[in-house]
Amino acid sequence: MSHSIHDFSSIIEATRRHVRETLPLDATGHDWQHVFRVTRTALAIARSEGADPIVVELAALLHDIADWKFHNGDHEAGSRAARQWLAQHHVPVEVIDEVAAIIDRLSFKGAGVDPAPLSLAGQCVQDADRLDAIGAIGVARALAYGGYKSRPIFDPEHLPVLHDSFAAYKGSVAPSLNHFFEKLLLLKDRLQTNTGKQLAAERHEFLVKFVRQFFAEWSGEEQLPAWDTWRERHGI
Ligand code: ADP
Ligand code: NI
């Protein structure tokens, strides 16, 4: 169903204010700045894909309002908080349901875990969220998140794992460089919209360059053969 911007402009404005005030300034790249970028990108994707801009904007604004990573692994905390906020503002129940379903299904759950199906609006928001995890901003966010979690940047002895359950992915305490092989370098092939895929190409290339340069500086003359298959897989 499509909704007119006019009916929803005040709830969208209120949601923007609410999220900006609620999300704490954080060091992990899950702050208002992230939400702002994701919302802008999601709306741009939605315009070219013909998705409902109201659902897209509400879901993008609310997608990290209570992320499981910061709520003891409770992965329904986000959709619960979003439902509560939207219901308080008398948003029609079918819009609330779609926004909540998107928020529940947005997160990456491990390289080997089948993704839950998303509406077109959900695909736009997920692609935008994933675009913010790659490119220069993606590199910055991954290293910031690792630092926040007291993870080392790199450990040659600690190889990546393609997690086949959300529990295993969630429980990982691997160094930050592993996250590139476990998630970030895989994202370009997992974007869902053509617009998202086009936007991903340059950012993915930057990730590859960054990891290639990282290994060049790290190893110098020394080789790290255990990493060769991981690097070859991505042309690194
Ligand atoms: P998702 O909902 O898919 O988890 P988010 O928007 O919440 O996406 O943020 C994911 C970002 O958080 C990653 O792209 C990365 O920058 C950071 N992150 C999450 N887990 C890790 C990790 N294990 N190591 C480094 N960065 C991580
Ligand atoms: Ni996000």
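Of note:
Conditions tested, residue by residue: (1) within 16 Å of ligand 2 (Cβ to nearest atom); (2) within 14 Å of the chain's Cα centre (by Cα); (3) not small (Gly, Ala, Ser).
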site	(1), (2), (3)
22	yes, no, yes
31	yes, yes, yes
35	yes, yes, yes
42	yes, yes, no
45	yes, no, yes
48	no, no, no
53	no, no, yes
59	yes, yes, no
64	yes, yes, yes
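- Under the condition of being more than 12 Å from residue 160 (Cα to Cα) and free of Cβ contacts under 8 Å to residues at least 40 places away in the same chain, the residues counted in the range 180-196 number 1.
- Against the list (1) within 22 Å of residue 60 (Cβ to Cβ); (2) modelled with pLDDT under 95; (3) surrounded by fewer than 15 Cβ atoms within 10 Å (Cβ to Cβ), the condition residue 149 fails is (1).
- Verdict on residue 103 being touching a Gly at 6+ places or on another chain (Cβ under 7 Å), within 26 Å of residue 197 (Cα to Cα) and not charged (D, E, K, R): yes
- Which listed residue, of 198, 192, is surrounded by 15 or more Cβ atoms within 10 Å (Cβ to Cβ), of a type in the set (S, T, N, Q) and under 18 Å from the mean Cα position of the chain (by Cα): 192
- Considering 27, 51, 59, the condition of being closer than 27 Å to residue 170 by Cα, surrounded by 18 or more Cβ atoms within 10 Å (Cβ to Cβ) and either within 16 Å of ligand 1 (Cβ to nearest atom) or among the small types (Gly, Ala, Ser) (or both) is satisfied by 59 alone.
- Listed by position, the helices (runs of 4 or more DSSP H) enclosed by the range 1-88 that each have at least 1 residues that are out of contact with any His (no Cβ under 8 Å at 6 or more places or on another chain), basic (Lys, Arg) and under 25 Å from residue 191 (Cα atoms) are 32-49.
- In the range 161-179, the residues that are surrounded by fewer than 20 Cβ atoms within 10 Å (Cβ to Cβ), touching a residue at least 40 places away in the same chain (Cβ under 8 Å) and assigned to a loop (DSSP other than H, G, I, E, B): 162, 164, 165
- Of the residues making up the range 132-145, just one is of a type outside the set (D, E, K, R), closer than 15 Å to residue 64 by Cα and assigned to a helix (DSSP H, G or I), namely 145.
- Criterion: under 28 Å from residue 162 (Cβ atoms), free of Cβ contacts under 8 Å to residues at least 60 places away in the same chain and of a type outside the set (Lys, Arg) - qualifying residue of 139, 113, 38, 99: 113
The values are calculated or read from the model by the stated rules, or taken from the named source; none is laboratory data. In this text, all values refer to a predicted model and were calculated from it rather than measured experimentally. Because the Cβ atoms are built from the backbone with ideal geometry, glycine has one as well, and the counts that use them run over all protein chains shown.
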